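Worksheet: the structure to be examined is printed underneath.
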Amino acid sequence: MISGATRLVGLIGDPVSSSLSPRMQNAAFAARGLDWAYVALPVRAVELEAAVRGIAAAGFVGANVTIPHKQAVAALCDEAEGDSVNTLVFEGGRIVGFNTDREIVSGIEGSSVCLLGAGGAARALIPSLPGEVRVFSRKGEWPPDAVGADVIVNATPVMDELLVRPEGRHTVVDLAYRADGRPTALVAAAREAGCRVVVDGPEALVRQGAAAFERWTGIRAPVDVMRRALTNK
């Protein structure tokens with residue numbers, strides 16, 4: 001039950017209706033016995049600054065930021081961890097931005113990366129990707145080419161189209177996910193090819209979400225609970 005003492009965290013993006021973050025984060029708050037609630041907040045680009053400053057003024061603890069606002073919101077921060085952030089903390093009248101997306105690729109090894117996408121999600125990952133990174137986008141170099149790469153990362157929202165075909169030697173990371181749990185075209189192809197390391201969208205969501213949870217609460221995230229929340233409807 002939400003009460004007058006409940007602390008609030010939001011998800012800012014457009015769209016956010018199919019996001020699994022509220023389910024995951026609210027399960028995490030409950031597991032740690034916190035009187036907190038996580039709510040989805042659909043925000044258009046023209047409303048971004050008003051929305052961020054409004055929820056900060058209203059007493060929200062912080063927020064996650066998703067497509068298409070990760071770069072724009074960094075410019076609104078008093079302090080930001082790079083030029084693309086996905087996690088905000090409101091404290092002492094200041095807006096502090098963090099890049100917990102980097103946790104998605106923590107520990108990923110390789111010498112060359114084929115990165116699909118050039119938006120905020122891609123920019124957040126680049127500093128933490130191993131080796132040489134080739135960026136492919138429809139506004140730049142296209143079509144994507146994974147020849148010579150040992151890591152393929154999809155930082156676009158594309159789920160149904162196989163933008164590049166993985167081989168068994170590839171490590172594959174896909175940020176996109178379906179709310180019903182079905183694998184994306186890239187994840188399905190990676191598993192069929194026998195790729196040894198496949199980080200799918202739900203796992204990516206958990207990795208960045210756990211780091212965000214810890215930024216807001218200051219306590220260890222219940223990662224297993226968060227993973228189960230994404231598979232138990």
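The values are calculated or read from the model by the stated rules, or taken from the named source; none is laboratory data. Small disclaimer: the values here were computed from a predicted structure and weren't measured. When we count neighbours, we look across all protein chains shown, and the Cβ atoms used for this are built from the backbone with ideal geometry, even at glycine. Heavy atoms of the whole protein, side chains included, go into the accessibility calculation; ligands, DNA and RNA do not. Shrake-Rupley method; radii C 1.70, N 1.55, O 1.52, S 1.80 Å.
Along each of the three principal axes of the Cα atoms of the range 48-118, give the extent in whole Å, ordering the values from largest to smallest.
45, 21, 15
Only four residue types carry charge here, +1 at the Cβ of Lys and Arg and -1 at the Cβ of Asp and Glu. Report the dipole size of the chain about the Cα centre in Debye, rounded to the nearest 20.
500 debye
Remind me, what semi-axes does the chain give for its equivalent ellipsoid, largest first in whole Å, using sqrt of 5 times each Cα gyration tensor eigenvalue? Intermediate values should be presented prior to the final figure.
Working: eigenvalues 186, 78, 45 Å².
Taking √(5λ) for each eigenvalue gives 30, 20, 15 Å, largest first.
Counting only DSSP beta bridges with both residues in the chain, tell me the antiparallel percent, nearest 5.
20 percent
Given a cut-off of under 8 Å on Cα pairs at least six residues apart, what relative contact order in percent is computed for the range 154-233?
Values: 106 pairs, mean separation 21.2, N = 80.
Dividing the mean separation by the residue count of the range 154-233 yields 27 percent.
If you line up the Cα atoms of the range 1-125 on their principal axes, what length do they span on each, largest first, in Å?
For the range 1-125, the Cα spread along each principal axis is 51, 33, 28 Å.
Quick one: pull the percent of accessible area on the range 138-203 belonging to carbon and sulfur, 1.4 Å probe, ligands and nucleic acids left out. Numbers along the way, then the final one.
Values: 1710 of 3430 Å².
That fraction is 50 percent.
Could you bin all the Cα-Cα distances of the range 141-233 into 5 Å bins starting at 0 and give me the percent of pairs in each, rounded to whole numbers?
3, 13, 22, 21, 17, 12, 7, 4, 1
Taking only the alpha-carbon positions of the range 88-150 and ignoring solvent, what does the Debye formula give for the base-10 log of I(q)/I(0) at q = 0.21, 0.24 Å⁻¹?
Those come out to -0.85, -1.01, one per q.
Per residue of the range 39-52, in order, report the coupling 6.51 cos²θ - 1.76 cosθ + 1.60 (Karplus, θ = phi - 60°) as ³J(HN,Hα) in whole Hz, putting x for Gly and Pro.
Using θ = phi - 60°, the values come out as 10, 7, 10, x, 9, 7, 4, 5, 9, 4, 4, 4, 5, 4 Hz.
Quick one: if the Förster radius is 22 Å, what FRET efficiency do Ala57 and Met1 give, using the C-beta to C-beta distance and rounding to 0.05?
Efficiency for this residue pair is about 0.35.
How much accessible area per residue does the range 58-186 have, counting only protein heavy atoms and a probe of 1.4 Å, in square angstrom? Let's see the in-between values first.
Values: 5580 Å² over 129 residues.
Accessible area per residue, the range 58-186: 43 Å².
Just round it to a whole percent: the fraction of Cα-Cα distances in the range 1-63 exceeding 17 Å.
42 percent
Using a probe of 1.4 angstrom, how much of the accessible area of the range 1-91 is carbon and sulfur, in percent?
Accessible surface attributable to carbon and sulfur in the range 1-91 totals 54 percent.
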